[in-house]
Amino acid sequence: MSSRERRRKIRDEDNFLFTNPNSLNPKTADAIGFGLGDLALEIAAADNDFQAIEAVSIHEIYPNPIQPRYSIPHDLTDIFTLQPSSIVEILERWITEIQLEPGKQSFDITNHLRGQSTDRGALAETDESGAAADDQPASAKHVALMKLIDLAASIRRDGLSNPISLAHHGNHYEIETGERRWLAYHILYWKFGDGDKRPDGSIVNWSRIPARIVNRVDVWRQASENNARDNLNAIGRARQLSLLLMDLHGWHNFASLADCETEQAFYAQVADGGDWRIPRGQGERLLNAMGLSTASQLRQYRALLRLPADLWRRGDDADLTEGELRKIKATLATVTPVTVARRKKRRKDALARLTADANQWRNRLRKEINAVDAESRPHIRRLIEAEIRQLVRLIEDIDDSAT
């Protein structure tokens, strides 16, 4: 090959700037210009997958139902569907439940969001030795809410440094990354609305959040961000591993979330490592995406997919580590037949006590009815009717648990 032909080949095949000057954006052109070679094609693909950052209404955004992190406690999502129209109700119920905890008579999040004086801050500022006794250990539900509130306060104070990423889904958007940031914007909009004046004097509309629009939700890109932030708990990591394995084996091989009895059942479809082995050549990619260093760690997180349902939920809400969950599971597995027999006896004794208490309650109620005057009897009747309704609900719960 002559030197002229060699130069033509280099020009036509390797110099993307020369052959496709209008198909590359500035970032990709710079990458090629700095001699990144074939990597420039990957950069171009990544650039094409993202569009420019734009402000999107938080009310047009919905969470992705299959995702590693659950930002809302399970007992609240049992009651409410997580969607824009229900977020304020969820937050109000969440705050009310925290207020009912011991030592939490009041819980106003506005001062937290404004960065003003709070009980928590006052405890941190005092040097009195007795102050620690007043600082009650926070429940898992309280800690989870405070993480969201602290994130919202940080965004209000310093701005959003990392936009969320969204994909079009029908007539709305679906979150790829950034559910907690989206919830933080809902908190700020709930408390301050649009036109809020931030501490630096700037005016912001909390009803719109900066977002990158992607062509599709990518579980690998999702894993990359979660790995970079390193803030998934053990159950979240197990979910992440499950999603990546499903993607490697093909989504058509698995039931949808809507077709599974529980969310854990959806992720547990790849719990069997014998049936769903890591495809050849994908082990390193999977370790890198998960932020893990050994194959044994992958096996440990896959094992979490087989946890008892109540332990799965508890581990997620309380942010238990993989090691803690493994120990609890091992303890549950060591229950002996003798222990089971003792439990059956305790249940039988408890049933006898309940029967005796019910008889005693009815007899006492009869005496109270005979003792009150005629004017008070309608009030007693309403109390009894309310108790009957509660007892009917208990009967329904018993029937449901028996099926």
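The number of residues in segment 228-271 being among the acidic types (Asp, Glu), assigned by TED's automatic domain parsing to the domain that holds ALA303 and modelled with pLDDT under 95 comes to 3. Across segment 194-223, the number of residues qualifying as touching a Ser or Thr at 6+ places or on another chain (Cβ under 8 Å) and part of a loop (DSSP other than H, G, I, E, B) comes to 2.
Residue-wise test of (1) surrounded by fewer than 17 Cβ atoms within 10 Å (Cβ to Cβ); (2) not in a helix (DSSP H, G or I).
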| position | (1), (2) |
| --- | --- |
| GLN67 | no, yes |
| TYR70 | no, yes |
| ASP75 | yes, no |
| THR81 | yes, yes |
| SER85 | yes, no |
| VAL88 | yes, no |
| ARG93 | yes, no |
| GLU101 | yes, yes |
| THR110 | yes, no |
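Annotation: of all residues in segment 162-193 being in a helix (DSSP H, G or I) and among the aromatic types (Phe, Trp, Tyr), the one that is nearest to GLN222 (Cα to Cα) is TRP182.
Residues are listed down the side, and each one gets a yes or a no for (1) part of a helix (DSSP H, G or I); (2) buried (at least 18 other Cβ atoms within 10 Å of the Cβ):
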| residue | (1), (2) |
| --- | --- |
| GLU225 | yes, no |
| LEU232 | no, yes |
| ARG237 | yes, yes |
| GLN240 | yes, yes |
| LEU248 | yes, no |
| ALA255 | no, no |
| PHE266 | yes, yes |
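Counting the residues of segment 303-319 that are touching a residue at least 12 places away in the same chain (Cβ under 8 Å) and either buried (at least 21 other Cβ atoms within 10 Å of the Cβ) or within 14 Å of the chain's Cα centre (by Cα) (or both) gives 10.
Of all residues in segment 120-161, which are outside any helix (DSSP H, G or I), at pLDDT 90 or above and more than 25 Å from PRO73 (Cβ to Cβ)? Of everything in segment 120-161, just one residue is outside any helix (DSSP H, G or I), at pLDDT 90 or above and more than 25 Å from PRO73 (Cβ to Cβ), namely GLY159. Only one of ILE175, ILE155, ILE209, ILE164 is in contact with a helix residue (DSSP H, G or I) (Cβ under 7 Å, 6 or more places away or on another chain), without any contact (Cβ under 8 Å) to a residue 40 or more places away in the chain and crowded, with 21+ Cβ neighbours inside 10 Å; which? Step by step, each of ILE175, ILE155, ILE209, ILE164 is checked, and only ILE155 is in contact with a helix residue (DSSP H, G or I) (Cβ under 7 Å, 6 or more places away or on another chain), without any contact (Cβ under 8 Å) to a residue 40 or more places away in the chain and crowded, with 21+ Cβ neighbours inside 10 Å.
Considering LEU298, LEU286, the condition of being under 25 Å from the mean Cα position of the chain (by Cα), over 15 Å from ILE235 (Cα atoms) and among the aliphatic types (A, V, I, L, M) is satisfied by LEU286 alone.
The values are calculated or read from the model by the stated rules, or taken from the named source; none is laboratory data. Just so we're clear, the structure is a prediction, and the values are computed from it rather than from any experiment. Note: ideal-geometry Cβ built from the backbone for every residue, glycine included; neighbour counts use all protein chains shown.
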